[in-house]
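Asker: My questions all concern the structure below.
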Amino acid sequence: MDGRLTSLLARVAGEVRELAVVDGETAYIRDPVFGIIRNRVHAEVCKALLRLGGDPLVGPILNYVAGCQNPDGSYNEVHVNYNEPSALITAFIGDALLEAADRHPHEDALQKARDFVLAAERRPGYFLKSRGYTADHLNVDASCGAFLARYAERYDDADARAAALRAVENIVRHQCKCGVYPYAVDKGTYPYVFKLPCVHYQGVTMYYLAKTNDVLHDDRIDESLAEGARWLADAQRPDGRFDWSRSGLSFAYYLSGAYAFAQASFVYASRMDDRYREHADLCLNRLGEYVQGLAPRWEPGAWSDLVPSVATAATAASLGGYPLRHRAFRFGYGMYREIARRRYGKTVETQSFEGLCRLLGIRSSTVEPSNNFPDLFMTSEMLDCLSQSRIWGEHT
């Protein structure tokens, strides 16, 4: 696996490097489709480049990142629809600054990021994502916990370690008996409680829990991850594709990054059960097939499979027992995605989805183009996960 993984990482990292704009002592990466500059992309690209042996671009990017920090220590989640401070994004930036601390120190920015993430804990183990999204998202708790655990390890910080442990306890307590980590466990600002299984966010939550346990070495976390891996493996078909009828979160339907998060999570889980190596290989095979440059936003599909996909979308829309109107919207959303992921272009068209939302009175947190496209956001997640997976693989 290592040769294929290294080759894929080198190829994709090279594509991303070509997008970098160097401006004196700073550098940034602009999204080639939406034109925005995301803090999270910078964090994930820098971590990958550091794990691949370092790169002259890392220092200038982190100089740019340090200049983006808000006075309260936060970093903004830069999105097509919004741009606001977020504990989740601050944790990602903090993790990158930790990764780079020996070669590219930004101690003041790192300390302020730690303070902001700690202050975002609203209940024991529940970290507020942002003012606009106030539900308890388990993947956010896992991401914040991973950063704080790693910070605690480097700086012998008892408060950060205690908060990381509370995040773990909150996540494990809400894990379903089947092994699922639901997306959200309360309503917050959402119209409903999105306590749903999701292939993509199962991998996300597992990935950051695994990073947390690299530090904490807690048997409870390994037991929880083993349960999570069983569910995720059961949702994977023999050819490596996921069964998306098991995944009820509409906006994460068919996200290509799911295979990267799952690949890394399976590699970690193989420490406990060697059979997960096969599942990790299947994920890597899928990524190798459809990632030639930047990763596509969604897993591509063939037009010949469109009719069977109606049943997949209908089953996914039925998860969660929501009112008929909402289930109808989710089914329509699913079919819209089924068509969009089969149409590819280097630019995006979003007016169709925006019109649908206006017609149904739906507020969506995402932009849904009517075609698949090269996505820097998914690509940066992939680089982070696969470069971390490579390290875990060397120690199993």
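The values are calculated or read from the model by the stated rules, or taken from the named source; none is laboratory data. Predicted model only: the values in this text are computed from it and were never measured. Note that we place each Cβ from the backbone using ideal geometry, even for glycine, and neighbour counts take in every protein chain shown. Accessible surface is based on the protein model in full, side chains and every heavy atom, while ligands, DNA and RNA are left aside. Shrake-Rupley method; radii C 1.70, N 1.55, O 1.52, S 1.80 Å.
Asker: Relative to the compact-globule scaling 2.2 N^0.38 Å, provide the ratio for the alpha-carbon radius of gyration of the range 1-150.
Answerer: Rg over 2.2 N^0.38 Å, computed on Cα atoms: 1.05.
Asker: Let me ask another. Return the tail of the calculated pair distribution for the range 236-295, meaning the percent of Cα-Cα pairs more than 14 Å apart.
Answerer: Value for the range 236-295: 56 percent of Cα pairs lie more than 14 Å apart.
Asker: Here's something else I'd like to know. Could you calculate the FRET efficiency of TYR190 with LEU306 from 1/(1 + (r/R0)^6), where r is the beta carbon distance between them and R0 is 22 Å, rounded to 0.05?
Answerer: Taking R0 as 22 Å, the efficiency between TYR190 and LEU306 is 0.15.
Asker: Please report the relative contact order for the chain, taking Cα pairs under 8 Å with a sequence separation of at least 6, and give it as a percent rounded to a whole number.
Answerer: Here the relative contact order equals 16 percent.
Asker: Dipole size in debye (nearest 20) for the range 1-65 around its Cα centre, Lys and Arg Cβ +1, Asp and Glu Cβ -1?
Answerer: 220
Asker: Within the chain, what whole-number % of the accessible surface is contributed by carbon and sulfur, with the 1.4 Å probe and all protein chains included in the calculation?
Answerer: After summing per-atom areas, the C and S share lands at 51 percent.
Asker: Right, here's the next one. Over the range 1-127, what is the relative contact order in percent, taking alpha-carbon pairs closer than 8 angstrom and at least six residues apart?
Answerer: Computed over the range 1-127, the figure is 20 percent.
Asker: What size of dipole, in debye to the nearest 20, comes out for the chain about its Cα centre when the only charges are +1 on Lys and Arg C-beta atoms and -1 on Asp and Glu C-beta atoms?
Answerer: 1360
Asker: In whole Å, how far is the Cα centre of the range 238-299 from that of the range 368-396?
Answerer: About 10 Å separates the Cα centre of the range 238-299 from the one of the range 368-396.
Asker: Dividing the Cα radius of gyration by the Kirkwood radius, what Rg/Rh value follows for the range 123-166?
Answerer: When Rh is taken as the Kirkwood radius, the ratio is 1.02.
Asker: What chymotrypsin sites (Phe, Trp or Tyr not before Pro) does the range 44-143 have in DSSP loop regions with at most 16 other beta carbons within 10 Å?
Answerer: TYR82
Asker: If you don't mind, another one. Determine, at each q value in 0.11, 0.14 (inverse angstroms), the log₁₀ of I(q)/I(0) that the Debye formula gives when each Cα of the range 263-396 is one equal point scatterer.
Answerer: -0.54, -0.82
Asker: How many Å² of accessible area per residue for the chain, probe 1.4 Å?
Answerer: Result: 38 Å² of accessible area for each residue.
Asker: While we're on this one: At what distance in angstrom do the alpha carbon centres of the range 1-44 and the range 119-192 lie from each other?
Answerer: Cα centres, the range 1-44 to the range 119-192: 28 Å.
Asker: While we're on this one: Quick one: Debye curve from the C-alpha atoms of the range 167-321, no solvent, what's log10 I(q)/I(0) at q = 0.17, 0.18, 0.19 Å⁻¹?
Answerer: Evaluating at q = 0.17, 0.18, 0.19 Å⁻¹ gives log10 I(q)/I(0) of -1.01, -1.11, -1.22.
Asker: May I ask you to list the chymotrypsin sites (Phe, Trp or Tyr not before Pro) in the range 147-202 that are in a DSSP loop and have at most 15 other Cβ atoms within 10 Å of their Cβ?
Answerer: TYR192
Asker: Per residue, how much space in cubic angstrom lies within the convex hull of the C-alpha atoms of the chain?
Answerer: Once divided by residue count, the hull of the chain is 128 Å³.
Asker: Over all alpha-carbon pairs in the range 136-195, figure out the percentage whose distance exceeds 18 Å.
Answerer: That fraction is 41 percent.
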